[in-house]
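> Just passing along the structure, written as structure tokens.
What follows draws every value from the coordinates through simple rules; no lab data is involved. Note that the coordinates shown come from a computational prediction; the quantities given were computed from them, not determined experimentally. Because the Cβ atoms are built from the backbone with ideal geometry, glycine has one as well, and the counts that use them run over all protein chains shown.
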Amino acid sequence: MQIDLRTVSIKPLRNTFDHIARRFGDKPASRYQEGTYDIQQTDIFHYRPLWEPEKILFDKSRTKIEMKDWYALKDPRQFYYGAYTIARARQQEAAESNFEMIEERGLAALVPEALRDIALDVLIPLRHVEWGGNMGNSYIAAYGYGTAITQPCLYHAMDHLAVAQYLTRIALTLDTPVALDTAKDAWMNGALWQPMRQHVENLLVLQDWFEIFVAQNLVLEGLTYPLFFDHLDSKFAAGGGTAISMMTRFMGEWSAETAKWVDAQIKVAAAESAENKQAIADWVVEYRGRTLEALAPLAGRAFGAEADAVLGEVLAAFNARCAKLGLSV
Amino acid sequence: MDMHVKKLGLKEKYAHMTRGLGWDTTYQPMEKVFPQATFEGIKIHDWEKWEDPFRLTMDAYWKYQAEKERKLYAVLDAFAQNNGHLGITDARYLSAIKLFLTGISPLEYVAHRGFAAAGRNFPGVGPRVACLMQSIDEVRHAQTQIHAISNYNKHYDGFHDFKHMLERVWYLSVPKSFFDDAFSAGPFEWMIAIGFSFEYVLTNLLFVPFMSGAAYNGDMATVTFGFSAQSDEARHMTLGLECIKFMLEQDPDNLPIVQKWIDKWAWRGIRVLSLVGMMMDYMLPKRVMSWKEAWEIYFEQNGGALFNDLARYGIKVPECLTQCSVDKEHISHQAWATFYQYGGAAAFHTWMPNDEEMDWLSAKYPNTFDKYYRPRFTYWREQAEQGNRFYSNTLPMLCQVCQIPMLFTEPDDPTQICYRESEYKGEKYHTCSDGCKHIFDDEPEKYIQAWLPVHQIYQGNCFNEGVDPTAEGFDPLAEVLKWYHLEHGKDNLDYEGSRDQQNFQAWRGMATQNT
Ligand SMILES: [Fe+2]
Ligand SMILES: [Fe+2]
């Protein structure tokens, strides 16, 4: 006998899991909600970590930021794994077709030499900065508190790896693999890059994961991406370097999207308490100064005489962004 | 341009895309950037010698994984729309899935966090990238499992508060403590515990039985996430094996440490697998193969080949495993007998096998079932039929290491419960086997911390706030169940007469009759 199960109309016993219903009521929940809320263990742990015996495995005290409910830090993009990979797969398809077009039509050869050299000097060593961004965000994914923020930080870490890989591909499109060695040497030894490398290495030894979030995701990215993937991009596009612009399209789109997520986290955490707001503002002030110092020589290389003006614009926009988030910095 | 890209070999290109990104820090000391790299005693001289077990750049990763996700969620949507849950053989089957969601899925989540940590902590870029990919895969596994099982939760009991239960319910501390143990160790031990023992040695014994069980029993939701995870699992297994070989190749001093971890985690894993064994032999209405057969195929044969492969590095088959060839005839029956007796405190339904099922068990376990288990099970069944369903109302003692109740017997005497005892700082601690005792004695400082559910009940830590254990008529079991969020009469007790059984029959009836 053929059973047609579809014809049965059944009233479910419940609409979602209890921990979701406790937050939102017993109504159908989204995949983001069921895949995110309260899935990190919170209450009972068997053993103290050998690597940090004074704390428990998932411990709220790994940052000085305090939240009554860490799940207040939700992701406005509602990224669970499926939504995240599907969104990125679309973006990578666009990026891939840009790289293909450049390769098929030999567009890289049309980039004026001066612009090409700027790209090689500035964008390629930047892949090491991106790798630092991966490390900071994987630290948060491991030691942060609550899936609402740890989950997107892992996605963010993987995105930084992807950007580093796109930058690598740009080097290989504009030049030979030797360009990667040259860029690495500039990163390790070149005067232009030492302030930035020192800054990035300093971020790698921070312990407070929310401090890393502010220093890396808000400040470093908030100043670097507009500088290189907006202002410098315009310069490339205006000067016949469209091929480079095409290859960095992913980064431009990505930073616009991720900045909205970063802003939502900062806004909620700062609004929670005066202490949080002060701590975040202090971090912004501290890391904004250091990041600007590290960016100054790079801006000089990229924009020459206009460097100060461009950096000034980037800074003004960044400060306006922070003000909107409720920070007086 | 393009020419250069094409000239590069795949391996070389992947190296540029990953390990080329890293550098040795000089403004900050490497020990400070990678503070967990050395405390376990593992010596690594050259991270560049790491062989990438797979070569996936992020763009390719997104592309493949998104394709899999689109397909998976299309199936899950259709499953929900078409009442796919009514396609299972029998709602008894769902006890297995309840055990999976409460005991395994939350651990996928811990695997995600632990691999994020490993993906930050190794000084080598190659292993870090591989660990991060596993970390993101594991959040996928946790979520796809929750999403697939979400539809069952809407219609059946026992699923509804899985995270709360994982942290509290007595038998769930078995898998939970396994992952807590691994994550609280250092990054190298983590790789042996999860990357090697769990993914490489044991995955076949966990996933294959669950997924084939799902296929045999018409559970398309579970089959779909299981299949979809297969290619991820293949990557995880190669990572685990690569990692162990790398440690062994880097320094001869690593051998005794790695051997110790392999011994420990093989035994830890085998103890967790008792739950899988019982699922295979008792919880599936339509059975795939017996636990004993699975053990022989996936462990004795496949695992044997693996240990032969590792013998050239000096790795020996863990000694505790010799006991397994005896245990494989017993553990599933002993575990199910225990759950039947404590069926009042389990978040799934229990039952005694029917005649046909008993015959199947006799045929699969000719040396043991009729001799040791059939008489007891038949007696319990008869008693239940006469209205004397047997529930044990004393709490069992738990093993200090694996946290399973003391229910396993001596390897040389299946009528004698096996106890081992250790003393540490003047206190006595009990373990279930030589394997667990050995683990305890090696790290007593760690295992004395164990949050043993039964001890905690005795200490009064498992009641809701405001409950007064000295009040008249105080019912400790009822109060513990409330604290578990386990709904008495719905989540627990016999399948026969349960709400799951009644609803399943009624809904199926609606589908098959014209009323
Ligand atoms: Fe997994
Ligand atoms: Fe044990």
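> For the pair A:Ala317 and B:Glu443, what calculated FRET efficiency results from E = 1/(1 + (r/R0)^6), where r is the Cβ-Cβ distance and R0 = 51 Å, to the nearest 0.05?
FRET efficiency, B:Glu443 to A:Ala317: 0.40.
> Using θ = phi - 60° and the Karplus form 6.51 cos²θ - 1.76 cosθ + 1.60, what ³J(HN,Hα) does each residue of the range B:21-32 get, whole Hz, x for Gly and Pro?
Whole-Hz 3J(HN,Hα) from phi for the range B:21-32: 7, x, 7, 7, 6, 10, 6, 10, x, 4, 5, 7.
> Tell me which of B:His485, B:Gln505, B:Tyr458 sits at the most positive position along the dipole axis of the range B:457-511, charges placed on C-beta atoms (Lys, Arg +1; Asp, Glu -1).
Result: B:Gln505, furthest along the dipole toward the positive end.
> Using a 10 Å cut-off around each Cβ, can you sort A:Arg23, A:Arg48, A:Arg105 from fewest to most neighbouring Cβ atoms?
A:Arg105, A:Arg23, A:Arg48
> Where the centroid of each part is defined by its Cα atoms, how far is the range A:134-175 from the range B:50-72 in Å?
15
> Can you work out the base-10 log of I(q)/I(0) for chain A at q = 0.08, 0.14, 0.15 1/Å, using the Debye formula on its C-alpha atoms alone?
The Debye formula, applied to the Cα set alone, gives -0.44, -1.13, -1.25.
> Using just the helices of chain B, give the 222 nm mean residue ellipticity in deg cm²/dmol: DSSP H runs with n ≥ 4 each add -39,500 (n - 2.57), and the total is spread over all residues, rounded to 500.
-17000 deg cm²/dmol
> Below 15 angstrom from the Cβ of B:Asn393, what's the summed charge of the other residues (Lys, Arg +1; Asp, Glu -1)?
Taking every other residue near B:Asn393 into account, the sum is -1.
> Also, quick follow-up: Tell me, what HN-Hα J-couplings in whole Hz come from the Karplus equation 6.51 cos²θ - 1.76 cosθ + 1.60 at θ = phi - 60° for each residue of the range B:447-464, using x for Gly and Pro?
After applying 6.51 cos²θ - 1.76 cosθ + 1.60, I find 7, 5, 7, 3, 8, 7, x, 6, 4, 5, 5, 4, 7, x, 8, 10, 10, 5 Hz.
> If you don't mind, another one. Would you tell me the mean number of C-beta atoms belonging to other protein chains that fall within 10 Å of each C-beta in A:96-102, as a whole number?
1
> May I pose another question? Starting from the 7 Å offset along Cα-to-Cβ, what nm value, one decimal, do you get for the label separation of B:Arg312 and B:Lys43?
Going from the B:Arg312 label point to the B:Lys43 one covers 2.3 nm.
> Ok, one more. With charges only on Cβ, +1 for K and R and -1 for D and E, what is the dipole size of the protein assembly as shown about its Cα centre, in debye, rounded to 20?
Result for the protein assembly as shown is approximately 1360 debye, rounded to the nearest 20.
> Assuming 0.36 nm per residue, please report the length gained on full extension of the stretch A:Phe24 to A:Glu93 beyond their Cα-Cα distance.
Full-extension gain reported as 21.2 nm.
> Cα axis of helix A:249-272 to longest principal axis of chain A: angle in degrees, 0 to 90, nearest 10?
Taking Cα atoms only, the helix is inclined about 50 degrees.
> In peptide A:166-176, how many Cβ atoms from other protein chains are near each Cβ within 10 Å, on average?
4
> Along the positive direction of the dipole of the range A:104-324 (beta-carbon charges: Lys, Arg +1; Asp, Glu -1; about the Cα centre), which of A:Ala323, A:Tyr155, A:Ala299 reaches farthest?
A:Tyr155
> Another question about this same structure. Could you please report the charge total around A:Ala215, scoring K, R as +1 and D, E as -1 over all other residues with beta-carbon less than 12 angstrom from its beta-carbon?
Once all neighbours under 12 Å are counted, the net charge is -3.
> Something else about it: May I ask which of A:Lys27/B:Lys154; A:Lys277/A:Lys324; A:Lys64/B:Lys32 have a Cα-Cα span longer than 18 Å here? Show your work: numbers first, answer last.
On the way: A:Lys27/B:Lys154 11 Å; A:Lys277/A:Lys324 13 Å; A:Lys64/B:Lys32 21 Å.
Where the Cα-Cα span goes over 18 Å, the pairs concerned are A:Lys64/B:Lys32.
> Right, next: Using all alpha carbons of chain B, what is the percent of pairwise distances in each 10 Å bin, ordered from the shortest bin to the longest?
3, 17, 27, 26, 16, 7, 2, 0, 0
> Could I ask something else about it? Sum up the charges of everything whose Cβ sits under 14 Å from the Cβ of B:Trp451, counting Lys and Arg as +1 and Asp and Glu as -1, but leave B:Trp451 out.
Cβ neighbours under 14 Å give a net charge of 0.
> If R0 is 41 Å, what FRET efficiency do you get for B:Lys425 and B:Ala471 from their C-beta distance, rounded to 0.05?
0.70
> What's the longest uninterrupted piece of chain B once you rule out the GluC sites (Glu not before Pro) that are loop residues per DSSP with at most 15 other Cβ within 10 Å?
Working: sites that count: B:Glu51, B:Glu465, B:Glu472, B:Glu496.
Value returned for the longest uninterrupted segment is B:52-464.
> Sticking with this one: Determine, from the Cβ-Cβ distance of B:Asp370 and B:Phe54 and an R0 of 41 Å, the FRET efficiency 1/(1 + (r/R0)^6), rounded to the nearest 0.05.
Values: r = 48 Å, r/R0 = 1.18.
Plugging the Cβ-Cβ distance into 1/(1 + (r/R0)^6) gives 0.25.
> Extension gain B:Glu67-B:Thr394, at 0.36 nm per residue separation less the Cα-Cα distance, in nm?
Between B:Glu67 and B:Thr394, full extension yields 112.6 nm more.
> Name the residues whose placed amide hydrogens come within less than 5 Å of the amide hydrogen of B:Asp494, ignoring near sequence neighbours (fewer than 5 apart) on the same chain.
HN-HN under 5 Å from B:Asp494: B:Thr350.
> Also: Under a plain spin-label model, where a point goes 7 Å from the Cα along Cα-to-Cβ, how far apart in nm are A:Asp185 and A:Gln78?
The modelled label-to-label distance comes out at 5.2 nm.
> Okay, next question. Could you give the dipole magnitude of the range B:112-194 about its Cα centre, charging the beta-carbon of Lys and Arg +1 and that of Asp and Glu -1, in debye to the nearest 20?
Values: 8 positive and 8 negative charges, 45 e Å.
So the magnitude is around 220 debye.
> Taking the range A:239-329, which trypsin sites (Lys or Arg not before Pro) meet the DSSP loop condition and have no more than 12 other C-beta atoms within 10 Å?
Of the trypsin sites (Lys or Arg not before Pro), not one in the loops of the range A:239-329 has a Cβ with at most 12 other Cβ atoms within 10 Å.
> In addition: Using the alpha-carbon atoms, what tilt in degrees (0 to 90, nearest 10) does helix A:178-189 show relative to the longest principal axis of chain A?
80
> Sticking with this structure for a sec: Between A:Glu286 and A:Ser9, what length comes free when the chain is fully extended (0.36 nm per residue of separation minus the Cα-Cα distance, one decimal in nm)?
Stretched fully, the A:Glu286-A:Ser9 segment lengthens by 93.7 nm.
> Just tell me the longest site-free run in chain A, where the sites are GluC sites (Glu not before Pro) in a DSSP loop having at most 15 other beta-carbon atoms within 10 Å.
Details: sites that count: A:Glu54, A:Glu66.
Maximal segment without exposed cleavage sites: A:67-329.
> Separation of the range B:271-298 and the range A:33-108 by C-alpha centroid, Å?
Going from one Cα centre to the other spans 35 Å.
> Further question on the same structure: Return the aspartates and glutamates within reach of A:Lys184: Cα separation strictly under 18 angstrom, same-chain partners fewer than 8 residues apart disregarded; answer none if there are no such residues.
A:Asp117, A:Asp121, A:Glu130, A:Asp175, A:Glu201, B:Glu12, B:Asp24, B:Glu48
> Lysines within cross-link reach of B:Lys437: Cα-Cα under 26 Å, excluding same-chain residues under 8 positions apart?
Within the straight-line limit of under 26 Å, B:Lys437 reaches these lysines: B:Lys176, B:Lys260, B:Lys264, B:Lys292, B:Lys316, B:Lys328, B:Lys425, B:Lys428, B:Lys446.
> Looking at the range A:106-202, which trypsin sites (Lys or Arg not before Pro) are DSSP coil and have at most 14 other C-beta atoms within 10 Å of their C-beta?
Passing sites in the range A:106-202 do not exist.
> What ranking do B:Thr222, A:Thr182 get, fewest neighbouring Cβ atoms within 10 angstrom at the top?
Exposure proxy ranking, most exposed first: A:Thr182, B:Thr222.
> Related question: Once you put a point 7 Å from the Cα of B:Asn503 and another 7 Å from the Cα of A:Ala296, both along the Cβ direction, what distance in nm separates them?
Result for the modelled spin labels: 6.7 nm.
> In what sequence do B:Ser135, A:Ser61 fall when counting other Cβ within 10 Å, fewest first? Show your work: numbers first, answer last.
On the way: B:Ser135 26, A:Ser61 11.
If I rank by nearby Cβ atoms, fewest first, I get A:Ser61, B:Ser135.
> Using a 10 Å cut-off around each Cβ of peptide B:269-276, what is the average number of partner chain Cβ atoms that fall inside?
Other-chain Cβ atoms within 10 Å of each residue's Cβ, averaged: 0.
> Only four residue types carry charge here, +1 at the Cβ of Lys and Arg and -1 at the Cβ of Asp and Glu. Report the dipole size of the range A:104-324 about the Cα centre in Debye, rounded to the nearest 20.
240
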